[in-house]
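Peer 1: Mind looking over this structure? Questions follow.
Taken together, the values in this text are just the output of simple stated rules run on the coordinates, not laboratory data. From a predicted model like this one, the values you see are computed outputs, not experimental measurements. When we count neighbours, we look across all protein chains shown, and the Cβ atoms used for this are built from the backbone with ideal geometry, even at glycine.
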Amino acid sequence: MLPLFISIFESILLGIFLSILSSWAGIRLAQRFGLIDVPGKLPHKQHLEPVPLAGGLTLLPALLLGFLVFRSDLDNLWTLILPVTIVFVTGLFDDHHPLPYLIKLIGQMAAAVLLVLLGFQVSFLKQEILPLAPVILKTLNTIFTILWLVGITNAFNFVDSMDGLATGTAAIVATFLAAASMFSGQVALARLMGLLVGICLILYYLNITPARLFLGDSGALTIGFLLAAGAMIFSPKGYSQASSWFVPVMILGLPLFDMVLVIFSRLRRARPIYKADRGHTYHRLVAAGFAPNRAIALLHLVSVILGCLSFLAIQFEPLAANLIFLGTVLAAIVIILYLDHPNRWPRA
């Protein structure tokens, strides 16, 4: 186990080193090609100075270089590169000139379908659970895989609502996935998640107020897709599926919560789901009286707690484990209803 711990630390340190180098180049490239988030560009924007949209330009080069360094340790995870690049390019075009939401969705779905064709797919539904024909089960699992990948990808774009929130959350999620993969014996996945932890730590440092870069869609969507793929590939060993199926859901609970809150709120008010506003969890906490830095710290703490709960739950028998998950879901529903009260809708 010790050599595996050391290999993860190596991955984190490499991610830090590579992202320091790529961030220097990424910020300058963003400035050179006009990838700048200008103050007042949209009603929900609050920053006062122009900020480069260099998150994706920092993330992808560091990730690709990390793949080259660990090429002998990543097994078939090499095949993630092309789908991840499709998501990155889609986000980069949107950062340069906003794309219609359907075009962005098509790009994400193309990446998700390609990942399935490359052999990555959840097997959530099995004949022991649902006695259907194999072709029907495979189709349902494929649909579930695409929904999961596209959903989590957008959830991270949703949660990127304040400096440091998405990058800090991504670092926490990647840390839990790296640890879970290590205990599960999935060395390649642990390596990849460790690399992502290091990259996200530097992105967090550069993204906290006063931000030197914003993630942009190229950064937020790419991180979301990577974490969605990592959570999908993760396979707990030594635990029954009945006790462990919800682990990825809980580890990614914060971005999922924020996405559900935002979608529910916009539908409730007959607003377009894709139209950005200040109705995210962070904005509501600030409207309820939290200082901005405390609101971010609270959300990061919630992400840590959810990750710890997921590790705790799988130690129990299936009934107890699923009761913990059900209790978490019910608590989330109550909090969504509380936060969506008109008194906690932030004023523009």
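Peer 1: Which whole-number percentage describes the relative contact order of the chain, with Cα contacts under 8 Å and a sequence gap of 6 or more?
Peer 2: 22 percent
Peer 1: Follow-up question, since we're still on this one. Under 16 Å from the Cα of LYS138, which aspartates and glutamates turn up, not counting those fewer than eight places away in the same chain?
Peer 2: Filter leaves GLU128.
Peer 1: Lys/Arg Cβ at +1, Asp/Glu Cβ at -1, dipole of the range 199-348 taken about the Cα centre: which of GLY307, ALA270, LEU256 is farthest positive-ward?
Peer 2: ALA270
Peer 1: What are the ³J(HN,Hα) couplings of the range 184-199, residue after residue, when phi is run through the Karplus curve with 6.51, -1.76, 1.60 and θ = phi - 60°? Round to Hz, x for glycine and proline.
Peer 2: 8, x, 8, 4, 4, 5, 4, 4, 4, 5, x, 4, 5, 4, x, 4
Peer 1: Using θ = phi - 60° and the Karplus relation 6.51 cos²θ - 1.76 cosθ + 1.60, list the HN-Hα couplings for the range 324-341 in order, rounded to whole Hz, with x at every Gly or Pro.
Peer 2: Result, ordered by residue: 4, 5, 4, x, 5, 5, 4, 4, 4, 4, 4, 5, 4, 5, 5, 5, 8, 4 Hz.
Peer 1: Could the peptides 220-230, 151-161, 255-265, 271-281 be put in order, highest first, of the mean number of other beta-carbon atoms found within 10 Å of their residues?
Peer 2: Those peptides, ordered most packed to least, come out 220-230, 151-161, 255-265, 271-281.
Peer 1: Next question. Compute, for the chain, the length of the dipole vector about the Cα centre, with Cβ point charges of +1 (Lys, Arg) and -1 (Asp, Glu) only. Units Debye, rounded to 20.
Peer 2: Value, rounded to 20: 740 debye.
Peer 1: Which of ALA231, ALA295, ALA133 moves the most in a Gaussian network model of the chain with Cα springs under 10 Å?
Peer 2: ALA133
Peer 1: Which of LEU149, ALA211, PRO61 sits farthest toward the positive end of the charge dipole of the chain, with +1 on the Cβ of Lys and Arg and -1 on the Cβ of Asp and Glu?
Peer 2: Of the candidates, ALA211 comes out farthest on the positive side.
Peer 1: Give the long-range amide H neighbours of ILE36: residues separated by 5 or more places, or on another chain, with amide H under 5 Å away, using H modelled in the peptide plane at 1.01 Å from N.
Peer 2: LEU53
Peer 1: Test of understanding: ordering PHE246, PHE290, PHE176 by Cβ neighbours within 10 Å, fewest first, what list do you get?
Peer 2: Ascending number of Cβ neighbours within 10 Å: PHE290, PHE246, PHE176.
Peer 1: Going by average Cβ neighbours within 10 Å, how do the peptides 162-173, 99-110 rank, with the highest at the top?
Peer 2: Sorting 162-173, 99-110 by mean packing, highest first, produces 162-173, 99-110.
Peer 1: Once you have all Cα-Cα distances for the chain, histogram them in 10 Å bins from zero and send the whole-percent values.
Peer 2: P(r) for the chain, in whole percents per bin: 6, 25, 36, 25, 8, 1.
Peer 1: What does the extension gain come out to for ARG28 and ILE81, with contour length at 0.36 nm per residue minus their alpha carbon separation?
Peer 2: Stretched out fully, the ARG28 to ILE81 stretch lengthens by 16.7 nm.
Peer 1: With a Förster radius of 35 Å, plug the Cβ-Cβ distance of LEU298 and SER72 into 1/(1 + (r/R0)^6) and report the FRET value to the nearest 0.05.
Peer 2: In this case the efficiency is close to 0.25.
Peer 1: Hey, another quick one. Starting at the first residue of the range 6-13, write each ³J(HN,Hα) from the Karplus equation 6.51 cos²θ - 1.76 cosθ + 1.60 with θ = phi - 60°, in whole Hz, x for Gly and Pro.
Peer 2: Whole-Hz 3J(HN,Hα) from phi for the range 6-13: 4, 5, 5, 4, 4, 5, 4, 5.
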